[in-house]
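Student: My structure is below; once you've seen it, I'll send some questions.
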Amino acid sequence: MDRPNTIVSAIYGYTVCLIAILLFVAGSVGFVNNGFRTANPGFEGSHYRMGVRRADAPVAYAPTGIAQRRDSFRGATIERGRRNAVRGLVVSLVLLIISIVLFRWHWRWLNAPAFQRSELPNTIAGS
């Protein structure tokens, strides 16, 4: 009678471990990408559309009027990109922490002796 419950709990445990691994991979990719975006927020895509020039490039004109507005728009866009990249870093870090905790807890639960494994789900449900 205890056998079907063991199979269902094992399927549940391994499924959660697989989801945690996939979440870890997605979180680590997001963490690396947002790390690069934080270091260079104006590089991806917007640099071609907006014509962002390099910081060491000489300026052939004195910024007045439209050029000042364009430069302030560029600065605001780069700052917004950096803020979004930092927010993405934090979200990816939280995903990494959640995936590690989920995996470790369920992996320990799966590798526990059979008498302890049957007790653990009851503690989750609050019984």
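Student: With labels modelled as points extended 7 Å from the Cα through the Cβ direction, what inter-label distance (nm, one decimal) is found for Glu79 paired with Trp105?
Tutor: My value for the distance between the label points is 4.0 nm.
Student: Can you tell me the FRET efficiency between Val8 and Ile97 if r is taken as the Cβ-Cβ distance and R0 is 35 Å, rounded to the nearest 0.05?
Tutor: Using R0 = 35 Å, I get an efficiency of 0.80.
Student: Between Arg70 and Val32, how high is the FRET efficiency from 1/(1 + (r/R0)^6) when r is the Cβ-Cβ distance and R₀ = 25 Å? Nearest 0.05.
Tutor: For R0 = 25 Å, the calculated efficiency reads 0.20.
Every number here is computed from the coordinates shown, using simple stated rules; none is lab data. Fair warning: this is a prediction, and the values are worked out from it, not measured in the lab. Here the Cβ is made from the backbone with ideal geometry for all residues, glycine too, and neighbour counts use every protein chain on show.
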